[in-house]
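Just so it is clear, none of the values below were taken in a lab; they were calculated from the coordinates. Since this is a predicted model, take the numbers as computed values, not measurements. Neighbour counts run over all protein chains shown; Cβ positions are idealised from the backbone, glycine included.
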Amino acid sequence: MKVKVLGVEFYYDSLKVLDNVEFEVNEGELVSIIGPNGAGKTTLLKCIARILKPRKGAVYVDGVSLWSLKPREAARIVAYAETSIVPEFQLTVLDYVLTARYPHTNPVKLWEDYRDIEIVEQALRELGIAHLANRKLGQISSGELQRVILARIIAQEPKVLLIDEPTAFLDLKYRLEVMEILRKLSKEKNLTIIVAIHDLELAARYSDKLILIHKGKIVAAGSPRTVLTPENIEKTYGVKVDVIEHFKHGLIIVPLEPL
Ligand SMILES: Nc1ncnc2c1ncn2[C@@H]1O[C@H](COP(=O)(O)OP(=O)(O)OP(=O)(O)O)[C@@H](O)[C@H]1O
Ligand SMILES: [Mg+2]
């Protein structure tokens, strides 16, 4: 489904955090929102996910405002995952991921059916955490927990996935694997995926488009090459960098010095 963000303005009390943010993400695209700490990335994802309501502007998914839908209907279309938030420690991995099936279950039927369990087990396998199914959330590592949270959003089977920092706690292998999985989901299942991410090289390597925001405004948007220029990085992150093109795998960013 196509996501259209139109003139979004958001305030926390009197603090303006998003200013006239406007962009589109097509079905089947993986788009990364990048920008320094405090730029407004999380706030923007939450505005798209209908967790926060913009003061001005609107977000449409295939022409429909999510605010016009019931929460369960909206949850079948869009899902938001924050990978730094720790859910209830006492739940097992399996039970936690199963909660993602709630928007799809019949409200009068209180148990999960066989298909829900299949979908959840498939998501756990895909993220390499099937062996943790019966472990409590409080008893796994940060990277494992992050993969559990990703498995949960995949098991929810939304059309639009919004993920805040999908790779923050992951090791080298799982950073790549998670981005590969997200790219595969966007291409093979035609899902729309928007992530907020600090790893610029990963973002450049796997995203169809980057959106660079700074102080609540879009500074640049487009292909990784056009967005990740030394000028744009210097202006927003305050770091002098060299950007080198790898012969096969995207861009390498070499930080030179903070300004
Ligand atoms: N609940 C809140 N109440 C008031 N101000 C907030 C709240 N949440 C965030 N802010 C402020 O809004 C601005 C944008 O925050 P946001 O979390 O969207 O940034 P971010 O780009 O996700 O940053 P980071 O890279 O650190 O995650 C920051 O100045 C932040 O201090
Ligand atoms: Mg954030």
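Overview of values
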read-out: Cα gyration tensor category, rounded, prolate or oblate, for the stretch 12-74 with a/c compared to 1.5; value: oblate
read-out: For Phe10, Phe247, Phe89, Phe169, order by how many other beta-carbon atoms lie within 10 Å, fewest first; value: Phe247, Phe89, Phe169, Phe10
read-out: GNM flexibility winner over the chain from Tyr80, Tyr96, Tyr114 (Cα, springs under 10 Å); value: Tyr114
read-out: Ranking of Ile129, Ile244 by count of other Cβ atoms within 10 Å, fewest first; value: Ile244, Ile129
read-out: Overall form of the stretch 166-223 per C-alpha gyration tensor (a/c, 1.5; a/b vs b/c); value: oblate
read-out: Net length gained if the chain between Gln122 and Ala168 were fully extended (0.36 nm per residue, minus Cα distance); value: 14.2 nm
read-out: Lysine pairs meeting the criterion (Cα under 14 Å, 8 or more apart or interchain), as found in the stretch 132-259; value: 6
read-out: Choice from Asn134, Asn106, Asn232 showing the highest fluctuation, given a GNM over the chain with Cα pairs closer than 10 Å; value: Asn106
read-out: Those aspartates and glutamates that a straight Cα-Cα span of less than 16 Å connects to Lys41, excepting residues fewer than 8 apart in one chain; value: Glu9, Asp19, Glu22, Glu24, Glu82, Asp164, Glu165, Asp199
read-out: Lys, Arg +1 and Asp, Glu -1 on Cβ, resulting dipole of the chain about Cα centre, debye, nearest 20; value: 520 debye
read-out: Residue order, fewest to most beta carbons within 10 Å, for Asp113, Asp199; value: Asp113, Asp199
read-out: Helix axis angle, 142-155 relative to the chain longest principal axis, alpha carbon, degrees; value: 70 degrees
read-out: Total charge dipole magnitude, the stretch 179-220, about the Cα centre, Cβ charges on Lys, Arg, Asp, Glu only, Debye to nearest 20; value: 160 debye
read-out: Computed magnitude of the charge dipole of the stretch 51-109 (debye, nearest 20; Cβ of K, R +1, Cβ of D, E -1); value: 320 debye
read-out: In Hz, Karplus ³J(HN,Hα) per residue of the stretch 21-34 (6.51, -1.76, 1.60; θ = phi - 60°; x = Gly, Pro); value: 7, 9, 6, 10, 10, 7, 3, x, 9, 10, 10, 10, 9, 10
read-out: Overall form of the stretch 30-143 per C-alpha gyration tensor (a/c, 1.5; a/b vs b/c); value: oblate
